[in-house]
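Data first, discussion second: the structure below is written as structure tokens.
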Amino acid sequence: MIRTLIRYFNLTFLTLLILVMLSFGLAYFFPGDPITNLMGANKLDSQPFLMLSSQQTNIFMQFWYYVQALLAGEWGVSFATGKPLYQDIMRLLPATLELSIYAVTIALILGIPLGFLAGMNYHKKIDNIFMSSSMIMYSFPVFWLALLLILLISLQAQWLPMSGRLSLLFNVPHYSGFILVDILVADIENKRFAFNNAVQHLILPTLSVSFIAFAVFLRTTRRSVADVLETQYIKSAQTRGLPAKTIFFRHVLRNALLPVLPILAVQISTLVTNVMIVETIFSWPGIGDWLIQAIYERDYPAIRTGMLLVSVVVVIITMSLECISQLIDPTRDRFAYARR
Amino acid sequence: MLDANLYEEELHPTPLGATWREFKQRHIAVFGLVILTLFIIVAIAGPLLSPYAPTTQHTNTLLIPPAWDDNGSILHVLGTDALGRDMLTRLFYGTQVTLFSSILTVFIALGLGVAMGVVAGMSKGLRSSFINHVLDILMLTPTLLIAIIIVAILGTGLTNAMLAIGLALVPRFVHLTRDFVREEMNKDYIKTARLDGANLTQVFLYNILPNMVELLIVQGTFAISVAILDISALGFLNLGAQTLMPELGVMIAEGLSTVYIAPWNILLPGLTIFLMVLSINIVGDGLRSALRNRLTH
């Protein structure tokens, strides 16, 4: 177990190093002066950036100063607003995380049990219904789905708001960045109304993101349940006359859940893409909306930092999921490329 | 004509033939194939069928609803958009652009991915470790991020969007090829071929590749559906194909400005994408279970 942990720690560290190198390299690939692209302005006062912009440094020293600046939280300033990127990103990141977490949770809570239901009734009517509907669900282009929801539910029926995180009437002090947590912690009047309002704003974006993730989880779970049911050990358990309940909880459930975690890890990158698109459509003030705005404005420091941060978050989450799933099931070792 | 001796007749369908027999068993899959064929025919022949050009603006017929509406006109069967361009014509051209650019992207990604996958699968030790970890990073990075970076460096355009999506698709094929090659390399028929003096290239071309074709077709089908979704998403975000090109995602983005009075401008292109992706997914799913059934029987 210690070996696994060390291996994954190493892997994550190396991956992050490569990502930092890539983001440093991006400044050279973007049009314009590399140093300006890194800092976002011609002159900044902080120590690493002063060293970075001095004329005597070579590229390796520049990289070293860049890493120092990153670690110190000096991420340069935006071309468009001139404000420090670190504060911008730290303000936006919780919004994105909040949306993704709720969407994944809903997709998991609904997808896995229904996947079990479908898998236990493999090739029966209920399975076919689930399969066809999930096929339809994951064929939806996510931006079209979001637009349809806005058209039908926000514009036609006027049930739910179509953009933003919270009505402007409520003034919630910034605490953690997670809007629901903030409202619960905040000491304001009309806490109930603010909470309801925030939930109403959350429903449509969460629904659009979880729609597709749900279909994927359902299909994966169903496949793995069906595979487990065909194995010899289930057959032998049935021959021994174990009650169906015991077979399900002791043999099927555990073995069928094993492949779900790795799938979640693989799905993260798709999920992030979907979250970013949905954020743009619902004007959700998160990192995706901000990044796409940055590309419209050709705000190179913002693109570089945003890309670095999003991929770092994705890598850390994926690596921890992979690590956990290997700790649970030591027989699978996906990253042992050199030994095989 | 009936054969004289029924019992001596031996029917050994080719692997492809056997897959097709399994595929035919599932009616929904055949239905998906029919729809997909229709889309391909429309994409090829559609521009010939339509009397209009996709960019011609009919200034006296702006925002005409589809023909079944009371205000519709039979001259424009699916209506016109805010600039008076015929919707059906634009859908024909849009299908062409979106479908064919996705297919092209997938072909390029498939070629690259298989080539790299073979190298990764046949190599051992540090080299294998290096190649695979770099590819894993590429796989982990969300498509939209790769696209944003490429657009920032090279600028917008359909070609750059295809490049970004192709780059994001490559690792899928690499993983598939690598795992398959790894598994096959330990089998006896490969050892026989090696003992006969075949080098690694020959082993791959004559022994492994024929066994892998169907797997690649299935994976390629799903990759096309992903590519369609991504290319249209990039077009919608104005990071891919640009305004003048009749790409389906771009058409949805353009329809947004008149969505109150002309919702069909975003409904119809979206429906086209949806049906296209759905039919491809159905065909891919049918192919996959046909293949699984053939191999288990």
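A short reminder: the numbers here are calculations on the coordinates, not readings from a lab. Worth saying up front: this structure is predicted, and the values here are computed from it rather than measured. Quick reminder, even Gly has a Cβ in these numbers, built from the backbone with ideal geometry, and neighbours come from all protein chains shown.
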Euclidean distance of C-alpha centroids, region A:272-325 and region A:1-33, integer Å: 16
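At 222 nm, what helix-only mean residue ellipticity would chain A give, in deg cm²/dmol to the nearest 500, using -39500 (n - 2.57) for each DSSP H run of four or more?
On the way: 14 runs with 232 residues, N = 340.
For chain A, the value works out to -23000 deg cm²/dmol.
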Förster radius 51 Å - calculated FRET efficiency between A:T239 and B:R127, Cβ distance, rounded to 0.05: 0.60
Top of A:Y233, A:Y86, A:Y122 by mean-square fluctuation, Gaussian network on chain A, Cα under 10 Å: A:Y233
In order through region A:169-174: 3J(HN,Hα) via Karplus (6.51 cos²θ - 1.76 cosθ + 1.60), integer Hz, x for Gly, Pro: 5, 9, 10, 9, x, 6
Filtered chymotrypsin sites (Phe, Trp or Tyr not before Pro), region B:50-126: DSSP coil and at most 12 other beta carbons within 10 Å: B:W68
In Hz, Karplus ³J(HN,Hα) per residue of region A:317-329 (6.51, -1.76, 1.60; θ = phi - 60°; x = Gly, Pro): 5, 4, 5, 5, 4, 4, 4, 4, 5, 6, 5, 5, 10
Packing-based exposure ordering (other Cβ within 10 Å, fewest first) of A:E189, A:E98, B:E10, B:E22: B:E10, A:E189, B:E22, A:E98
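Which of the residue pairs B:K124/B:K191; A:K125/A:K245; A:K235/B:K124 have a Cα-Cα distance greater than 29 Å in the structure shown? Let's see the in-between values first.
Values: B:K124/B:K191 17 Å; A:K125/A:K245 22 Å; A:K235/B:K124 39 Å.
Pairs exceeding the cut-off: A:K235/B:K124.
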Lysines whose Cα lies under 24 Å from that of A:K83, excluding same-chain neighbours fewer than 8 positions away: A:K43
Within region A:93-118, backbone nitrogen closer than 19 Å to the virtual label 7 Å beyond the Cα of A:L160 toward Cβ: A:95-111
Estimated vicinal HN-Hα couplings, Hz - region A:241-251 in sequence order (Karplus 6.51, -1.76, 1.60; Gly, Pro = x): x, 5, x, 4, 5, 5, 4, 5, 6, 8, 10
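For chain B, what class follows from the C-alpha gyration tensor (a ≥ b ≥ c being the square roots of its eigenvalues): rounded when a/c is under 1.5, otherwise prolate if a/b is larger than b/c, else oblate? Before the final figure, lay out the partial values.
Details: a/c = 3.29, a/b = 1.54, b/c = 2.14.
Oblate shape, in that a/c is at least 1.5 and b/c is the bigger or equal ratio.
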Cα centroid separation, region B:72-106 to region B:211-286 (Å): 12
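Ranking A:L166, A:L85 by Cβ neighbours within 10 Å, fewest first, what do you get? Kindly include the intermediate steps, with their values, before the conclusion.
Details: A:L166 20, A:L85 23.
Ranking A:L166, A:L85 by Cβ neighbours within 10 Å, fewest first, gives A:L166, A:L85.
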Chain B: angle of helix B:264-296 to the longest principal axis, Cα-based, in degrees nearest 10: 10
Residues of region B:77-94 with amide N under 13 Å of the 7 Å Cα→Cβ point at B:H58: B:77-90
Highest-MSF residue in chain B out of B:T56, B:T105, B:T156 [GNM, Cα springs under 10 Å]: B:T56
Lys, Arg +1 and Asp, Glu -1 on Cβ, resulting dipole of the protein assembly as shown about Cα centre, debye, nearest 20: 1780
Helical mean residue ellipticity (222 nm; -39500 (n - 2.57) per DSSP H run of 4+; nearest 500) of chain B: -23500 deg cm²/dmol
Cα gyration tensor shape of chain A, rounded if a/c is under 1.5, else prolate or oblate by comparing a/b with b/c: oblate
For chain A, built as a Gaussian network whose Cα springs stay under 10 Å, the top-fluctuating residue of A:L308, A:L71, A:L253: A:L71
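Please report the equivalent ellipsoid semi-axes of the protein assembly as shown, computed as sqrt(5 x eigenvalue) of the Cα gyration tensor, largest first, in whole Å. Could you put the intermediate results ahead of the total?
Working: eigenvalues 320, 241, 157 Å².
With the √(5λ) rule applied to the protein assembly as shown, the semi-axes are 40, 35, 28 Å.
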Fewest-first ranking of A:S269, A:S176, using other Cβ atoms within 10 Å as the exposure measure: A:S176, A:S269
